[in-house]
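Data block below; observations after.
The values are calculated or read from the model by the stated rules, or taken from the named source; none is laboratory data. Predicted, not measured: the structure shown is a model, and the values here were computed from it. Cβ: placed from backbone, ideal geometry, glycine included. Neighbour counts: every protein chain shown. Heavy atoms of the whole protein, side chains included, go into the accessibility calculation; ligands, DNA and RNA do not. Shrake-Rupley method; radii C 1.70, N 1.55, O 1.52, S 1.80 Å.
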Amino acid sequence: MSADLKTQIEKLVKELNEHNYRYYVLDAPVISDEEYDRMFRRLKELEEKHHYVLPDSPTQRVGAPPLDKFEKVKHTEPMLSLDNAFSHDEVREFDQRVKRFLKSDKEIEYTVEPKYDGLAMELTYRKGLLIRASTRGDGYEGEDVTTNVKTIKAIPLKIEGVDTVPQEIDIRGEVFIDIDEFEKLNKEREKSDEPLFANPRNAAAGSIRQLDSTITEKRKLHMACYGVGAMKGIEFKSQTDFVSWLKKAHFPVPALLDAVTGPEKVINSIKEIEESRQKFSFETDGAVIKVNDFKLQKELGFKTREPRWAIAYKFPAHQGTTVIEDIIAGVGRTGAITPVAALKPVRIGGVTVSRSTLHNWDEIERKDIRIGDAVVVERAGDVIPHVVTVIKEKRTGKEKKFPPPKTCPVCGSQVVREEGEVAYRCIGLNCEAQVLEKIIHYASRGAMDIEHLGEKNVELLYNQGLIKHFIDLYKLKKEQLLELPRFAEKSAQNLIDSIEKSKKTTLSRFLFALGIIHVGEYAAKQLAKHFEKLDDLYRVEPERIMEIKQMGEKLAASISEFFSEKENLRTLETLKKLGLMISNPDYVAGLRKEKGPLDGLTIVVTGTLSKSRDEIEELIERLGGRAAGSVSKKTSYVLAGADPGSKYEKAKSLGVKILTEDEFNKRVAP
Ligand code: IVH
């Protein structure tokens, strides 16, 4: 390769990284997304053609093959936790303790930063390059999540912009998800009947613990770096000195960092952060106070699990009292009916709250929630406000219970609750709410990704009688659109073009788009890995699905039912005739297990064994068995180690055979 080409690639990498930094860290892009994409594609082309890929190339952020499991990583210096303060007085006491320990009367300089509600992460850089990212784990040993963390665009793959690049440095911070991204994600999950994340922290943690990094990439995670672990070849004087270096080196840092002297000023800073809280795009549940001077930090050292030089101040949870004016039953795409409380609007922590999720009727019953009740509502870490408790003393006797509907509030069909399910569902095949939600889901981003076909347009097309099913999308004509109020020449053409474009899709997207109950993005991807073509799923037996790791009975039954239904198979064939072209880049040949000694057996592992539970479960799966999480009549064996818990008792009561580790080893020995 010519020197000229090499320079060209190097220049493109440098420029793209700079634009990345401007976009994701500084929030001040200087080029358009299209221009960025164009440069990115050019770089990828050159790299592929000339087999020259720099380690910090932006193309290296995605595309790693999915992992089987995360490897364990030992932290060079332990990643500890923080002690909490719940009042201003406890902050003053912390300052007293610091001074007492240092035997000093002099006022101490502290930094005050927002406390990010996410997942602690360590980034290890060697000679300036990001070589590893690991979770905190138990503080001493975490998990290697490098491929996932590399998809977070705000994290530099290479340290740039500073004079001293350390030989090695562990940079620590919090991986988090912005509130609006979290809400978007939960909306998508609700549509696909996947369990919702309770708060942004769980969403961030769940996204990092994905074995398939392409899913992590979609989650739009962010990071704030606030700490340093082991380092070689560099020194810092203080937290402010370190954070200035981080900033220069292109790292994302906390949104605010005050350096102030004495406890009263610290308390003022905390108040400021609490007041700005609503303006932050991320969730924060407190402030972190640190002794600024690193020498003093060292002198103060650690108690068992926490440093003496820092403390986390927790904001009081945001609560308010109001009245439930009504309870509304909403119908989702799968027919699931969810109760939502319409509240008398109340301001909680600067935000007007007028709705609150009631989750399901078990929850309504458990908390004895009635229309007309005075209630305490909380918006804490949980962004979706929820009812904490009913103020029963305020009852007048006029409050009304809200039983689950017997008929669907939208279409009037029967409502049923299947065994073992929390949700009540409308079983009406033509329920308008479901049909609409199904089409909206089909067109959505993670599914067929039909641009220009958001909720409003689906509703319009549906109400005008142009679509009754997603099949009808492929029969739409531009002339029909032009007759509608919201379409002109260009917008009509755009929609027709995006529908056309979406015909080329992948099996995992398509399976997700179909809206099969319980099949979210993850399950769809797993199916695509195991089944080469759509037709391979026709009339699939549930047992075949249950061979796939993490796929349980409910999911297997739902998939098998869907692909056994003649009407559904006819729909799939019609879609193919209408030009749908499904490729499957996710398919992994030969995943199906050979016959092994544990073929057809379902085994539950409990208690302490000589290997970790993960290792044993993997072995079971490799040998043809299925490792299940809970004991039922269908369990073949329970493998019990020392101190087994309730699973052991349950196995005994159900008469399920119990194996010791020795007995198990004998069974699996070749
Ligand atoms: S400093 C020795 N700074 O909160 C630990 N932690 O509840 C030093 N956190 O373990 C941690 N924002 O995961 C620090 N600005 C911040 C933080 C922060 C969030 C997390 C971190 C910590 C946990 C303690």
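For the range 435-478, a simple Cβ point-charge model (Lys and Arg +1, Asp and Glu -1, everything else neutral) yields a dipole of about 200 debye relative to the Cα centre. The eigenvalues of the Cα gyration tensor, multiplied by 5 and square-rooted, give the range 120-182 an equivalent ellipsoid with semi-axes of 21, 16, 10 Å from largest to smallest.
Hydrodynamic estimate: the Kirkwood radius of the range 496-593 over Cα pairs, inserted into Stokes-Einstein at 20 °C and 1.002 mPa s, corresponds to D of 156 µm²/s. Annotation: per residue accessible area for the range 246-285 equals 47 Å², rounded to a whole number [probe 1.4 Å, protein chains only]. What you get for the chain, charging only the Cβ of Lys and Arg (+1) and of Asp and Glu (-1), is a dipole of about 700 debye around the Cα centre. When the Cα convex hull of the range 1-60 is projected onto planes of every orientation, the mean area is 3.9 nm². Dipole of the chain computed with +1 at Lys/Arg Cβ and -1 at Asp/Glu Cβ about the Cα centre; of S207, G262, T304, farthest Cα towards the positive end is S207.
Rounded to the nearest 10 degrees, the angle from helix 489-502 to the longest Cα principal axis of the chain is 90 degrees.
On a per residue basis, the convex hull of the C-alpha atoms belonging to the range 361-500 measures out at 183 Å³. Dipole magnitude for the range 137-205: about 240 debye, using +1 per Lys or Arg Cβ and -1 per Asp or Glu Cβ, origin at the Cα centre. Seen against the Cα atoms of the chain and their longest principal axis, helix 566-577 is set at about 70 degrees. Mean separation of Cα pairs under 8 Å and 6 or more residues apart, divided by the residue count, gives the chain a relative contact order of 9 percent.
The alpha-carbon atoms of the range 274-417 define a convex hull whose volume equals 184 cubic angstrom per residue. Here the extension length gained between K344 and K576 equals 78.5 nm, from 0.36 nm per residue of separation less the Cα-Cα distance.
Each listed q (0.24 Å⁻¹) maps to a log10 I(q)/I(0) for the range 361-425, found by the Debye formula over equal Cα scatterers with no solvent: -1.04. Could you give log10 I(q)/I(0) at q = 0.06, 0.09, 0.11 Å⁻¹ for the chain, computed by the Debye formula over C-alpha point scatterers of equal weight, without solvent? These q points yield log10 I(q)/I(0) values of -0.43, -1.01, -1.44.
For the chain, the cysteines with no partner cysteine C-beta closer than 4.7 Å are C225. Summary of the geometry: the range 411-474 and the range 174-202, compared by the centres of their Cα atoms, lie 21 Å apart. Listed cross-link partners K367/K456; K271/K394; K69/K611; K438/K503; K99/K303; K150/K271 are compared with a 24 Å cut-off, the Cα-Cα value being larger for K367/K456; K271/K394; K150/K271.
Here the calculated FRET efficiency for L654 and T407, from their Cβ-Cβ distance with R0 = 35 Å, stands at 0.40, rounded to the nearest 0.05.
Of the solvent-accessible surface of the chain, computed with a 1.4 Å probe over protein heavy atoms with every protein chain present, carbon and sulfur atoms account for 49 percent.
If you take the Cα centroid of the range 606-662 and the Cα centroid of the range 480-523, the two points sit 45 Å apart. Helix 179-191 and the long axis of the chain differ in direction by around 20°, with both axes built from C-alpha atoms.
Only helices enter this figure: runs of n ≥ 4 DSSP H residues, each worth -39500 (n - 2.57), summed and divided by the residues of the chain, yield -10500 deg cm²/dmol at 222 nm to the nearest 500.
Measuring spread by the Cα atoms of the range 453-501 yields a radius of gyration and Dmax of 9.7, 25 Å.
With both labels modelled 7 Å from their Cα along Cα-to-Cβ, the K72 to F236 distance reads 2.9 nm. How big is D for the range 152-271, in µm² s⁻¹ as a whole number, if Stokes-Einstein is applied with the Kirkwood radius of its Cα pairs at 20 °C and 1.002 mPa s? After rounding, the answer is 128 µm²/s.
You can think of it this way: the chain between K566 and K184 has 134.1 nm of extra reach, that is 0.36 nm per residue less the Cα-Cα gap. The calculated P(r) of the range 85-227, using every Cα pair and 5 Å bins from 0, goes 2, 9, 15, 17, 14, 13, 11, 10, 6, 2, 1, 0 in percent. For S276 and A28, a Förster radius of 22 Å and the Cβ-Cβ distance give a FRET efficiency of 0.65, rounded to the nearest 0.05. Comparing the range 550-666 with the 2.2 N^0.38 Å rule of thumb, its C-alpha radius of gyration ratio is 1.42 (two decimals). Considering only S612, S104, P55, and ranking their Cα positions along the charge dipole of the chain that arises from unit charges at the beta-carbon of Lys, Arg, Asp and Glu, the one farthest toward the positive end is S612. Length gained on full extension, L460 to K298, computed as 0.36 nm times the residue gap minus the Cα-Cα distance: 51.8 nm. Averaged over its residues, the range 490-542 has an accessible area of 40 Å² per residue, based on protein heavy atoms and a 1.4 Å probe. Solvent-accessible surface of the range 48-179, taken per residue with a 1.4 Å probe and all protein chains present: 48 Å². Spread over its residues, the convex hull of the C-alpha atoms of the range 73-125 is 151 Å³ per residue.
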